[in-house]
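The values are calculated or read from the model by the stated rules, or taken from the named source; none is laboratory data. Remember, it's a predicted structure, so these values are computed and weren't measured experimentally. A quick note on method: Cβ atoms are made from the backbone with ideal geometry, for glycine too, and the neighbour counts reach across all protein chains shown. The area values use the complete protein model at the heavy-atom level, side chains included, leaving out ligands, DNA and RNA. Shrake-Rupley method; radii C 1.70, N 1.55, O 1.52, S 1.80 Å.
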Amino acid sequence: MTIREIEELSGMTRANIRFYEKEGLIAPERNSNGYRNYSEEDLSILKRIRLLRTLHLSLEDIKSLSRNEQELSGLLIRHLTALKKEQQALGHSVKVCEQLCKDRAVYSSFDAQHYLDLLDTSVSELPSELKEDTMPKVTSPWIRYFARSIDAAIYMILWNMFLSLVLHINIMETGFAGLVADLIAYNCLFLLAEPLMLSRFGTTPGKFLFGLRVTAETGARLTHGEALHRTWTVLKKGCGFNLPVYWIIRMYKSYRACKDGETLDWEQETLLWLNDRYIPLKVSGSVVILTLLNTLALLLVWQAGALPQNRGDLTVEQYAENFNDMEKYFGIDRQLNLPGDSSFYGILMDDSRLILNKDGEWEKMPGTPYVTGTSENYAELPQLDYTVEDGVITGLNFSASYENEDITIASYGDLMAVSALAFLCAQDDYHLLPDAPSLLYTQIKLNGDNFSGFTINEAGVSVSCTVEYEGYELHPDVWSTDQVLVPAYGGKPSFSIKFSVTKA
């Protein structure tokens, strides 16, 4: 018989049955799939226990009967004497005890159902003794939700650390494909980490914070297989594999079942224990911890991914690698002498960015389309010049000037930002806080987009730019949302820019 069947036939709850199994009064066999298979003998014993507990016999007396340490008849006589001294409300129990004595009932063979039928108590109504004989049931759905949320935040931080620090992916610019990857990664980490922690420690970081722990019904620690089965069921039945919309449905159903005290699917073979001391403080603390964890994920981990792979003293080749990685990290997919925010400049293109080769010179990315001509005559991309001492770069610069030429000049903001950060963020004295890479990038780009000079000193590196122009007007670009300099009608356009990155 399954647990559901024996619940119905015995008139006991699942918690009662698990409790009596833990106390050694029944010992059901297990099927090949690990689930319990209750026998007719188990059912008979449970009915006897229910009857005797309903008659207010103690659990210790019932255990002694099962161990043949005393006879039922002698025990009933002593118990009957005690019952007669109790209130008249116990009259029904007295009547059944008298009948048991008259019938000379033997514990190992008497028909408990016959005597249960003599009681006026409804089959569905459990006596107070049976209500006491239960395994602990933890509901507290919100506490369990907060605990799991902390675990989820930790899993996502680990995943984002892998993306940022190992793959150097900008976790804030992953798009729909990134969301799908995040979902798969979270589910996999959940299945890998939680069973390991439950089998080793009986808890997880989130559960530990709230005083929650998970054990087998015997109180022993779960095996890895049992923990994996529990986690898989939670993921499937409780979280709906975290799929949009379906996740909400599964979470709501689990919340209602938990609130109503029902045994959840993943609790069939396990017990959840709760130390409910300082719960308000723990809930408040979890909000703070979740906020800190999310801040850590969205700031430190995100910005750490922007740090160049080559650090310290750089050769030209190492600097070029840093530059190309920075350009990719910040999502630049165009030549840096063209306006941004668009991939359409009169013709459709996928990726037209130029990269630096090992000599620090511009070259086309192989296998990608490039703009060879547009409806606008944009200024050429200036070549970077390097200051090298003993094979190590100590600075770099570029400059450009145009006099009386009919050309459109796009912002040098992205070029200056990537050029500076590829060198500056590689310095040993550079730290993520307070000037994170994205903040420095935005600061340099903003000045560049406004065609204004600036000087920034950070980590022993000076980044400076001077811009001079006349006879130009600032207009929105035709093919993008960027601002560009366009020669004014009838004027004599003149433009010059000098940019340098030097190590003190």
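Per the conditions (1) surrounded by fewer than 18 Cβ atoms within 10 Å (Cβ to Cβ); (2) of a type in the set (Ser, Thr, Tyr); (3) in contact with a Cys (Cβ under 9 Å, 6 or more places away or on another chain), the sole criterion not satisfied by SER254 is (1). Here LEU165 does not fit the description of being free of Cβ contacts under 8 Å to residues at least 24 places away in the same chain and open to solvent by 30 Å² or more (accessible area, probe 1.4 Å). Considered as a group, the residues in segment 193-217 that are free of Cβ contacts under 8 Å to residues at least 60 places away in the same chain and within 15 Å of ILE289 (Cβ to Cβ) include one that is most open to solvent (accessible area, probe 1.4 Å), and that residue is PHE208.
Taking the criterion of being open to solvent by 60 Å² or more (accessible area, probe 1.4 Å), of a type in the set (Ser, Thr, Tyr) and farther than 22 Å from ASN160 by Cα, the residues of segment 276-328 that qualify are TYR278, SER284. Answer yes if at least one residue in segment 220-236 is open to solvent by less than 40 Å² (accessible area, probe 1.4 Å), β-branched (Val, Ile, Thr), touching a Leu at 6+ places or on another chain (Cβ under 7 Å) and assigned to a helix (DSSP H, G or I), and no otherwise. Yes, because at least one residue in segment 220-236 is open to solvent by less than 40 Å² (accessible area, probe 1.4 Å), β-branched (Val, Ile, Thr), touching a Leu at 6+ places or on another chain (Cβ under 7 Å) and assigned to a helix (DSSP H, G or I).
Here is a yes/no grid of residues against (1) in a helix (DSSP H, G or I); (2) under 30 Å from ASP435 (Cα atoms):
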| site | (1), (2) |
| --- | --- |
| ASP276 | no, no |
| PRO280 | yes, no |
| SER284 | yes, no |
| LEU292 | yes, yes |
| LEU296 | yes, yes |
| LEU300 | yes, yes |
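Of all residues in segment 28-45, one or more are of a type in the set (A, V, I, L, M), within 19 Å of TYR115 (Cβ to Cβ) and not in a loop (DSSP other than H, G, I, E, B). Looking only at residues in segment 367-397 that are part of a loop (DSSP other than H, G, I, E, B) and within 44 Å of the chain's Cα centre (by Cα), the one that is modelled with the highest pLDDT is LEU384. Among the residues of segment 193-216, those that are part of a helix (DSSP H, G or I), touching a Ser or Thr at 6+ places or on another chain (Cβ under 9 Å) and of a type outside the set (Asp, Glu) comprise ALA193, PRO195, MET197, LEU198, SER199, GLY206, LEU209.
Residues that are under 20 Å from ASP103 (Cα atoms) and either open to solvent by less than 10 Å² (accessible area, probe 1.4 Å) or of a type in the set (D, E, K, R) (or both) within segment 26-60 comprise LYS47, ARG48, ILE49, ARG50, LEU51, LEU52, ARG53, LEU55, LEU57, listed in sequence order.
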